[in-house]
1. Which of (1) touching a Lys or Arg at 6+ places or on another chain (Cβ under 9 Å); (2) surrounded by 21 or more Cβ atoms within 10 Å (Cβ to Cβ) is the odd one out, the single condition Phe357 does not satisfy?
2. Going through Leu524, Leu448, Leu471 one at a time, which residue ends up being more than 31 Å from the chain's Cα centre (by Cα), open to solvent by 10 Å² or more (accessible area, probe 1.4 Å) and closer than 16 Å to Ala381 by Cα?
3. Considering only region 497-513, state which residues are farther than 24 Å from Lys387 by Cβ and open to solvent by less than 20 Å² (accessible area, probe 1.4 Å).
4. Show the residue pairs meeting these rules: Cβ distance below 9 Å; 6+ apart or different chains; first residue within region 148-163 and at pLDDT below 90 and of a type outside the set (A, V, I, L, M, F, W, C); second residue surrounded by 14 or more Cβ atoms within 10 Å (Cβ to Cβ) and not in a loop (DSSP other than H, G, I, E, B).
5. Return a yes/no flag: does region 178-199 have any residue that is touching a residue at least 60 places away in the same chain (Cβ under 8 Å), more than 16 Å from the ligand (Cβ to nearest atom) and acidic (Asp, Glu).
6. Testing Lys301 on (1) open to solvent by less than 60 Å² (accessible area, probe 1.4 Å); (2) over 16 Å from Arg195 (Cα atoms); (3) within 14 Å of the ligand (Cβ to nearest atom), one condition comes back false. Which one is that?
7. For Thr54, which of the numbered conditions (1) touching a residue at least 40 places away in the same chain (Cβ under 8 Å); (2) farther than 26 Å from Met491 by Cβ fails to hold?
8. Can you spot a residue in region 424-431 that is farther than 30 Å from Phe515 by Cβ and not charged (D, E, K, R)?
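The values are calculated or read from the model by the stated rules, or taken from the named source; none is laboratory data. Because the structure is predicted, anything quoted here is derived from the model rather than measured. Glycine also receives a Cβ, built like all others from the backbone with ideal geometry; neighbour counts cover every protein chain displayed. The area values use the complete protein model at the heavy-atom level, side chains included, leaving out ligands, DNA and RNA. Shrake-Rupley method; radii C 1.70, N 1.55, O 1.52, S 1.80 Å.
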Amino acid sequence: MRYSDYIMSEKYYVTTPIYYINDKPHIGSTYTTVAADILARSHRLRGEKTFFLTGTDENSQKSVEAAAKADKELNVYLDEMAVIWENTWKKLGISFDDFIRTSQERHHKAVARFWQAVEKSGDIYKDTYERHYCVGCEDFKTDSELNEDDRCPLHPNKDLELVQEENWFFKASNYKDDILQLFHNSQNFVQPPKRLNEIRSYVKDGFADFSISREAKKVSCGIPVPGDDTQRIYVWFDALINYLSAIGYGTDDELFKKWWPADLHLVGKDIIKFHCALWPAMLMSAAKNDPLLQNEDGSPKLPKQIFAHGFFTIEGQKMSKSIGNVIDPLELAVEYPFDVIRYFFFREIGFGNDGDFNRLRIAERYQSDLANTLGNLLNRAINMSRKYFDGKIPTCDTSVKTWDVGRATWDVEMVETLWQQVDEYYSSARIDLALEAIWNGENASLTLANRLVEETKPFKLIKEEPEKTALVLYTLLEFLRNVAWMIEPVMPEIAKQIIISLGQDPKSELSQHNFTQLKTWGGLKPGSDLPEPKILFPRLGE
Ligand code: MSP
């Protein structure tokens, strides 16, 4: 799919993984959730009907262990933790449209319908096996996946369980070729490309049938297998179905048709095996016997894209409870305005790569990118306009598209090109590249706008050429208005403040104009009042 296809699509359905709730949210889950929030906001701003889903994965052994440790009934524990998760996102201003809990009845209904469709396709059979299970991963481990001490490399402190059971199995192997074909036909299905390569090797070498249930007497959680009360559905098999149950699968066909397929599943690199291989295989199987999951030609309706981002370390170290460096996002939001953290996440780290959460780097970026490059520019442009043009947006001919003052030149087309890039980057989930283009790009950018002030020297120019000065200052203010809308998905609060600083009301701007109008040059009305500027980025700690 080309970027432009995304831009033109009419609806946008984006998901985060549903998180285990054996603990509070941390900066890792916050990173994924903020990414989904940014993409949802960017699509909403562009006028697309958007559905942003997050939630909690509750039918897990981890929940059972955590409830026991907290000395609480499982249901009580789950209810308390789900509220903590949902409220954390609300407090951080995350704009999710629904919050799915896999303990909810709507989810159980969807899982039952899905299981039956897969069963009807002949892809479920009983088998006996003996394997190691890691509760940390909620996954079986082959010998080659264990480290030298025969422990899970991701959870070396957890003892592996030796599971010897008769369970229901899913014939994943039936779909191996179709999945490889899918990867071949749709190069964008898994992003970034390095993850596609990784998952392709996994499917080629390791994608075999696997157990999708556990004996009920051995696990104290899980959704019962339809028609077999002695077995509970494997947590990953149930969890993936959340992407369907939240939009009405099994409860509201019309709603489901409106939103499925998902446009984007955002996940961390740790769970691509489940999302890029198991999930499409499950859907391919269920689709054979469920028209809701079929395209018009009868082919399975699969998610359009899975984007896997990298992992965070904290000041160079792996984030872990035992090191004691796990960061609570709500505490972080007291330390810094949350928009600053959102900016840092996507400016510092290429989206898709691993990165480090480093306070020194936050302080540096705050001072240079935000306070100096953006905040000072806005202040200078407003102060000079107020001083030389009677507290107003300078009066000039806004239809002038190009101008030059000495060596400095301007062409409105550069802003249009920047918009095109920004739109494409948001559509392809490259939030980092959108920010890079806005701050440093070769076209119009904040760096270039700062250079314009140095080169045109409005404080001198005003004495010789007041008309040109009006044009220069109007250009700066109008460019900043455009920048505010460009960064709105990433920094919604800061964007609002910029729009207000320019004398406009963000709410009425949004209600009176569509996206094309918002990004059309000339939105600021010459001669309208410019309020006294407020400092956007005060010194940290003040
Ligand atoms: N419950 C499953 C997902 C089921 S989706 C159908 C699960 N939950 S989890 O709570 O372990 O969340 C994993 C996700 O949290 C990762 O995929 C990633 O999105 C995020 N992160 C957890 N730790 C992280 C970092 N250190 N860095 C970045 N993201 C991290 O897996």
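1. Answer for Phe357: the failing condition is (1).
2. Numbers: Leu524 fails: open to solvent by 10 Å² or more (accessible area, probe 1.4 Å); Leu448 fails: more than 31 Å from the chain's Cα centre (by Cα).
It is Leu471.
3. Pro506
4. Asp150/His132; Pro153/Glu145; His155/Cys134; Lys158/Cys134; Glu161/Gln61; Glu161/His132; Glu161/Tyr133; Glu161/Cys134
5. The answer is yes; a qualifying residue exists.
6. Result: Lys301 passes all but (3).
7. Condition not satisfied by Thr54: (2).
8. Of all residues in region 424-431, those farther than 30 Å from Phe515 by Cβ come to none.
Taking every residue of region 424-431 in turn, none turns out to be farther than 30 Å from Phe515 by Cβ and not charged (D, E, K, R).
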